[in-house]
Amino acid sequence: MSLLRRWFDPLRSSWFYQKPIRQEALSTAQGLRIYLRLDDVYSYLAVQQLIQLNEILSEEIKPLKIIISDTAAEAPNGMTADEWRDYSLRDAQILAYQHRFGFDNEKPELPSAEALAQAEKILRNTPLKDQNFLYLLEDVFHMLWQQQYGKLRTLYVMASQHQKEQQVEERQFEHTPVLASYFEIGGRKYHAVDDLLRLTRRLKQQKLLTGNPIFLINHIEWREHLMNDAEELSEIQEMNPELDLYVALEDPISWLLLAYIKEELADYYDIDLKIYPLSYKGRDLFDWSLATRLSKRTGVQFTPFCRPTEPATLNIAKLFYSVPEEQRTDVMYRILESVWAKGKDLSFRAHVHKIQRELHIEQLTEDDIEKKLKDNDLSCEMKSQPDFPVIELRLDGKSYVFNSLYRVWMIESIFSNVLEQKYKSDNDLEHKHAESSEDE
């Protein structure tokens, strides 16, 4: 980085954060599309929202276009296909429980190959259109994922014997690789479940909805707490929750979530927060607009001008491991804040020395930093998560592992569920005591 940029970027960073965000209008020329796979569990959750969404779409983007793919994209973050399948089934269970989706919570499993072929035949041959097709689509997904194979075969026989394949513009069958269901409008993609609220906010902003969208009713907003009762808070704090955060230092989302968790959740719930920096992952190509929006919603400063290079991440880790363990969370927060909010270049020795002085680090550690980062990498990989940061929460003798900005809400949701189960157990115990006393 040039000397001019090292002097100018801190000023530019401050200006960047303060300036208002102006979002360009999304093109509606291609309408609103949703990509599905019959064997994708997120598609199963997504189709349960389509009827309600279609009802409030403006005529400008109707009809909702359904694209059904038979090709799975490669699993993310080096996961195998089996690891992704297991992860997505567990994750869908959590989403279904939180947002009250229909789902087989007892023993979720992928539909059989025969059932998938029958379902595709039904959807290809049906003459139903628009809202009626969406009702059929949801029913077919329920049959697949609830293993209602008798009902599915009955529909298949009727579709095979009495109907032929239909050519309908609003639904297409393609080989486009799809990992998990997503919407597309104006060239932008939105995760079908995780980004549904963001999508509907955008559509409403462009006056493309005729009514108020009510989706994901138990969604937890940024800077809003699920638990406000003093007694409940005290009970959670007494459980001594611990949270491990595995962060890619060059990833802005890792910084934003680390700062948010530390500022908003760790003190509030008295969480013992520990940071595990990872070796350089090359996460330099990121969605700037997404990071900027997240920055505004979380109230955490972010600028993209000095994202760390590989040498910079090693310098950050060296500073981090040069302080006692009990100070490391605060130190990492201050280091990354200087990078992502103040435009400091930590591949530049003068900036490293300045931060070292500010942190009162007299001597940098002589430990093998690369080995420490590799050890963290191994621990993180064993958790089999598709994105960063990886989060492990330990509470009341149990461990919960999740990842990314889309699952931070799980921290408070887990707290709430643990207390709910505790109260239920206590009530059951009191009830048994009362019955036993009556019998005596």
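What follows draws every value from the coordinates through simple rules; no lab data is involved. Since the model is a prediction, treat every value here as computed from it, not as a measurement. Quick reminder, even Gly has a Cβ in these numbers, built from the backbone with ideal geometry, and neighbours come from all protein chains shown.
Some notes on this structure:
- Extended-chain gain in nm, criterion 0.36 nm per residue less alpha-carbon gap, Gln167 and Asn427: 87.8 nm
- Förster radius 41 Å - calculated FRET efficiency between Asp396 and Lys342, Cβ distance, rounded to 0.05: 0.60
- The range 183-212 residues near the modelled Ala29 label - backbone nitrogen below 12 Å, point 7 Å along Cα→Cβ: 186-187
- Backbone N within the range 163-196 under 13 Å of label point (7 Å from Lys207 Cα along the Cβ vector): none
- Placed amide H near Leu32: partners under 5 Å, 5+ positions off or other chain: Lys65
- Ranked from largest, the principal axis spans of the Cα set of the range 242-387 equal 38, 32, 30 Å.
- Protection-proxy order for peptides 330-338, 313-321, each taking the mean of Cβ atoms within 10 Å per residue, highest first: 313-321, 330-338
- When peptides 124-136, 37-49 are sorted by average Cβ neighbour count within 10 Å, with the highest value leading, the order is 37-49, 124-136.
- Computed with the Debye formula from one identical point scatterer per Cα of the range 290-344, without solvent, the log10 of I(q)/I(0) at q = 0.13, 0.23 Å⁻¹ comes to -0.36, -0.92.
- Pair-distance profile P(r), taking every C-alpha pair of the chain, with 10 angstrom steps and integer %: 4, 18, 25, 24, 17, 9, 3, 1, 0
- Stretched out straight at 0.36 nm per residue, the stretch from Val323 to Ser58 would grow longer than its current Cα-Cα span by 89.7 nm.
- Proximal lysines to Lys342, defined as alpha-carbon separation beneath 19 angstrom and excluding residues fewer than eight positions away on the same chain: Lys19, Lys262, Lys296, Lys354
- Two-site FRET efficiency, Gln146 against Ala72, from Cβ-Cβ distance with R₀ of 30 Å, rounded to 0.05: 0.90
- Amide H contacts under 5 Å for Val247, placed H, 5+ residues apart: Tyr276, Leu278
- Applied to the range 336-353, the Karplus parametrisation 6.51 cos²θ - 1.76 cosθ + 1.60 on θ = phi - 60° returns per-residue 3J(HN,Hα) values of 5, 4, 5, 7, 8, 10, 10, x, 7, 9, 8, 8, 9, 4, 4, 5, 5, 5 Hz, with x for Gly and Pro.
- Amide N of the range 36-50 lying under 17 Å from the label point, which is placed 7 angstrom from the Cα of Arg90 along Cα→Cβ: 41-42
- Aspartates and glutamates with Cα under 16 Å of Lys121, excluding same-chain neighbours fewer than 8 positions away: Asp39, Asp70, Glu138, Asp139, Glu165, Glu174
- DSSP bridge pairs, the chain: antiparallel proportion in percent, nearest 5: 55
- Length-normalised contact order for the range 33-205 - Cα pairs under 8 Å, 6+ apart - percent: 38
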